Amino acid sequence: MEENLISLLMAYAPLQALIGSNPARVYWVRAPQGVMPPYVTLQVISGNPDVSHEGPNGLVEARVQADCYGLTYGSAKTVSRAVTDRLSGFKGTRNTTIFGGIFKDGERDGYDDEESPDKLFRVSMDFMIWHKGT
C-alpha cells in the first residue's frame, strides 16, 4: 500500500505543481536531510486487518498521518489542501492496491522548531484508508 499511496499522490498534477515531481517529494516517516520544502511525509499510525464472519477478508483499515511542510503557513496549508483534494473520498485501484475508500479524519496545524533548523510550518492530517493488496 505504501508505494502505491505515494504513486496515487504523485499522479495528481495540482500536487506535483506545488511540491515537484523529480524527485517526488512525498516520503515515508521523514524526509531526507537537506530536502527543501514544500514536501509531504506519511506514516502509518495504526493498521487493523478486517475480519468477517468467514474470517480474514484481506481488507486493512489503516490510519495514515500526512504531514505537509512549508517555509510559510500558507505554503503548508496549500499543499495540505491538494493532498486532501486527491485523497479524501478516493476509491479505486492504484497498481497492486485496491483502495476501498480513503476518508479524512482530522487536521491540525503545527510548527516544527525542534527537529528542523529551518523552523518549518506543518499541517498534519489523518486519513482512514481501507485497502487490499500491496
Full extension between THR93 and TYR111 adds, at 0.36 nm per residue less the Cα distance, a length in nm of 3.0 nm
Please report the relative contact order for the chain, taking Cα pairs under 8 Å with a sequence separation of at least 6, and give it as a percent rounded to a whole number.
26 percent
Once the Cα atoms of helix 73-87 and of the chain are each reduced to a long axis, what angle between those two axes, in degrees from 0 to 90 to the nearest 10, is obtained?
20 degrees
Run the accessible area of the chain with a 1.4 Å probe and give the carbon-and-sulfur part as a rounded percent.
51 percent
Over the stretch 15-134, give the accessible area per residue in Å² for a 1.4 Å probe, as an integer.
55 Å²
Loop only per DSSP, at most 15 neighbouring Cβ atoms within 10 Å: give me the trypsin sites (Lys or Arg not before Pro) in the stretch 1-66, ordered by residue number.
ARG30
Give the residues of the stretch 65-95 whose amide nitrogen is closer than 16 Å to a point set 7 Å from the Cα of GLU2 in the direction of its Cβ.
65-67
Close lysine pairs (the chain; alpha-carbon distance under 22 Å; 8 or more apart or on separate chains) counted at 5
Calculated from backbone phi, Karplus (6.51, -1.76, 1.60) coupling profile of the stretch 6-13 in Hz, x at Gly/Pro
4, 4, 4, 5, 6, 7, 8, 4
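The values are calculated or read from the model by the stated rules, or taken from the named source; none is laboratory data. This structure is a prediction, so every number in the text was calculated from the model and none was measured. In this analysis, Cβ positions are derived from the backbone assuming ideal geometry, glycine residues included, and neighbour counts consider all displayed protein chains. Ligands, DNA and RNA are stripped out before the accessible areas are found, and what is left, the full protein with its side chains, is counted by its heavy atoms. Shrake-Rupley method; radii C 1.70, N 1.55, O 1.52, S 1.80 Å.
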